[in-house]
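Okay, so here's the structure we're looking at.
The values are calculated or read from the model by the stated rules, or taken from the named source; none is laboratory data. Bear in mind the structure is a predicted one, so any value in this text is a computation, not a measurement. Glycine also receives a Cβ, built like all others from the backbone with ideal geometry; neighbour counts cover every protein chain displayed.
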Amino acid sequence: MSSTQTAPSPEQKYKSKSDVVIETRNLTKTYKDFWGRSKVHALKALDLDVKKGEIFGLLGPNGSGKSTTIKLLLGLLFPTGGEALVFGSDASDVSKNERIGYLPEESYLYKFLNAEETLDFYGRLFNMSATKRRKRIKELIKMIDLDWAKKRQLKEYSKGMTRRIGLAQALINDPELILLDEPTTGLDPIGTREMKDLILRLRDQGKTVLMCSHLLADVQDVCDRIAILYQGELKELGRVDNLLSVQDVTQIQAKGLSDEAKEEIQEVIQRHSGEMISMENPTSTLEELFLNIVRESEERPGHRHIEEE
């Protein structure tokens, strides 16, 4: 018996596409030397999409192509090949940047300004009215918990405080998409936790976040899906929980069992009136996954494994 598959309607196609905020197809960037010869292959045929309302992590060691990808999406660099689309338009269309917030790895802020003056300055760049700027500045300073230091010059700020005001600067225009380049770099454990909580809060507000980092625990804590890059190539793509699940091992948790029952399997648990709490695949860590991918990439150049949606 044969079955026919119904093609998606135009409305379904539109709905699917409207959920995609970032799309790259065969995106490639090669840096050339003075004579025009290829020098560094920073990005090689990158295919990925970032969906509305998710936190997507770009993970990889230094030099893997993470920052290059962000700069291509912002239109700060032009691709050697392929394409990058943001909100359905080519990334070279600078008008889309009004809907984007960007936190670079190093925030370039004026140290002689205080928090309010800093945010007011960036609000003016977006032609926001004075009334709207005042309201937005008050909201952001409260969100990053710096109301107590809003009148202090930034030169008096700690690294964590500077990073938080940098995030507020990236959010001044209430963007739909936020690009974060190493958002927790240089932060102590408390500052790191606060930054991750802020990122999760942005997702709760319906924002889409693209975050690149080489800090595995940070990505594991906040990201819904990740792409692992190594030497400019995409090596792994999928949901964090699926990628870390150890599929060939089953983990059982139960309570109220005798010592004898603990040595037996699920049928024996029921026979001894035990209560099954869970039966699932245990998870690995992102560190183990990442190191395995790096080792495999060195042993088998060009190999990639992409999780099926």
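Only one of ILE226, ILE178 is at pLDDT 95 or above and not basic (Lys, Arg); which?
ILE178
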Taking the range 165-193 and keeping only residues that are of a type in the set (Ser, Thr, Tyr) and touching a Ser or Thr at 6+ places or on another chain (Cβ under 7 Å), one is left with THR184, THR192
Filter the range 108-140 for residues that are within 28 Å of the chain's Cα centre (by Cα) and among the small types (Gly, Ala, Ser); the one that is nearest to GLN153 (Cα to Cα) is ALA115
Considering only strands (runs of 3 or more DSSP E) wholly within the range 172-254, the ones with at least 2 residues that are in the same structural domain as THR30 (by TED's automatic domain parsing) and among the hydroxyl-bearing types (Ser, Thr, Tyr) are 208-213
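Test ALA115 against the criterion of being in contact with a Lys or Arg (Cβ under 9 Å, 6 or more places away or on another chain), buried (at least 20 other Cβ atoms within 10 Å of the Cβ) and farther than 23 Å from ILE199 by Cα, and give yes or no. Write out each step before concluding.
Details: in contact with a Lys or Arg (Cβ under 9 Å, 6 or more places away or on another chain): yes; buried (at least 20 other Cβ atoms within 10 Å of the Cβ): yes; farther than 23 Å from ILE199 by Cα: no.
Considered against the rule, which asks whether it is in contact with a Lys or Arg (Cβ under 9 Å, 6 or more places away or on another chain), buried (at least 20 other Cβ atoms within 10 Å of the Cβ) and farther than 23 Å from ILE199 by Cα, ALA115 comes out as no.
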ask   = Would the range 282-292 turn up any residue that is loosely packed, with under 14 Cβ neighbours inside 10 Å, more than 26 Å from ASP49 (Cβ to Cβ) and at pLDDT below 70?
value = yes
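Would you say ARG239 is in contact with a Gly (Cβ under 7 Å, 6 or more places away or on another chain), surrounded by fewer than 22 Cβ atoms within 10 Å (Cβ to Cβ) and modelled with pLDDT of 85 or more? Quick ask: steps written out before the conclusion?
Working: in contact with a Gly (Cβ under 7 Å, 6 or more places away or on another chain): no; surrounded by fewer than 22 Cβ atoms within 10 Å (Cβ to Cβ): yes; modelled with pLDDT of 85 or more: yes.
In short, no.
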